[in-house]
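Structure, as structure tokens:
The values are calculated or read from the model by the stated rules, or taken from the named source; none is laboratory data. Owing to the predicted nature of the structure, the values given are computational and were not obtained by experimental measurement. Using ideal geometry, Cβ is built from the backbone for each residue, glycine included, and neighbour counts are taken over all protein chains shown.
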């Protein structure tokens with residue numbers, strides 16, 4: 001089966017991971033009082049339902065931007081639901097809604113949920129695989145999320161409409177700033193095309209790394225003593241080693257150069273990549 005046929009079949013086949021999050025997120029809104037806001041301001045209700053709606057749109061429309069919004073905003077709804085229960089409103093419906101929200105959010109952070117979002121933006125002949133993020137970017141994004149959540153918590157809990165509005169505007173501003181930077185993580189792919197392989201990584205690489213099929217000697221889990229260049233910039237899990245038949249140029253971004261502590265242009269015969277579903281990536285190369 002060619003890459004084009006496999007990609008088309010993937011788009012036509014309903015994805016169970018996407019559908020499970022869709023059902024869970026819809027259930028959270030349909031259950032009575034599951035998204036009830038304890039604040040007295042109308043702004044608070046608008047914020048909670050706007051957060052739910054932004055995630056709902058994200059789970060309905062598969063796209064890298066949708067993946068970013070779901071993973072950035074869904075935990076905020078989890079925190080709100082948990083805080084409402086902690087306030088003493090622990091009805092059976094509210095707890096059921098909390099379970100649906102938490103389950104949907106956990107699935108949204110899984111590798112299999114992210115895969116169809118990456119593939120949704122692909123051209124017909126491409127097979128895209130999300131790359132795991134470097135650990136160096138997780139703490140700054142986590143700090144931005146805490147600031148974002150704190151601003152909206154003030155907006156939701158404030159009794160004054162003025163304070164709630166101020167917190168809402170501050171939260172939206174932080175969200176736009178953070179989402180713009182988080183979006184790059186959803187645009188980092190290992191791409192298979194009929195002519196070869198590409199590593200599209202605007203975070204680590206200055207230019208997309210491309211290699212023709214006949215120059216690829218292998219793609220396999222990296223051994224512990226590998227000498228390949230680490231293009232993952234340190235992440236979790238066992239990376240894959242892409243072995244080449246002869247040296248190829250790799251151009252690094254400022255971030256990649258700083259984290260790797262090397263030059264911004266290298267000649268490599270092998271490099272490490274970390275797709276979120278490594279065995280599926282290996283299977284795509286062999287197909």
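Taken over region 158-176, the criterion of being surrounded by fewer than 19 Cβ atoms within 10 Å (Cβ to Cβ), more than 26 Å from the chain's Cα centre (by Cα) and either assigned to a helix (DSSP H, G or I) or modelled with pLDDT of 90 or more (or both) is satisfied by 161, 162, 163, 165, 166.
The number of residues in region 225-237 that are outside any strand (DSSP E or B) and either under 19 Å from residue 136 (Cβ atoms) or free of Cβ contacts under 8 Å to residues at least 12 places away in the same chain (or both) comes to 8.
Does region 177-197 contain any residue that is at positive phi, part of a strand (DSSP E or B) and over 17 Å from the mean Cα position of the chain (by Cα)? I'd like the intermediate steps shown before the answer.
If we filter region 177-197 for residues that are at positive phi, which is where we start, we get 196.
Retained after the next criterion (residues that are part of a strand (DSSP E or B)): 196.
In the following step, the residues that additionally are over 17 Å from the mean Cα position of the chain (by Cα) were identified as 196.
Within region 177-197, one or more residues are at positive phi, part of a strand (DSSP E or B) and over 17 Å from the mean Cα position of the chain (by Cα).
Checked across region 133-155, the condition of being within 25 Å of residue 181 (Cβ to Cβ), touching a strand residue (DSSP E or B) at 6+ places or on another chain (Cβ under 9 Å) and crowded, with 18+ Cβ neighbours inside 10 Å holds for no residue. Looking at this structure, is residue 179 in contact with a helix residue (DSSP H, G or I) (Cβ under 7 Å, 6 or more places away or on another chain), farther than 19 Å from residue 129 by Cβ and in contact (Cβ under 8 Å) with a residue 40 or more places away in the chain? Answer is yes for this residue. When we screen 247, 221 for residues that are over 14 Å from residue 204 (Cα atoms) and exposed (fewer than 13 other Cβ atoms within 10 Å of the Cβ), the only hit is 247.
Evaluated against (1) more than 17 Å from residue 19 (Cα to Cα); (2) under 16 Å from the mean Cα position of the chain (by Cα), residue 146 falls short on exactly one condition, (2).
Being modelled with pLDDT of 90 or more, over 28 Å from residue 272 (Cβ atoms) and not assigned by TED's automatic domain parsing to the domain that holds residue 205 is the requirement here; does residue 137 meet it?
no
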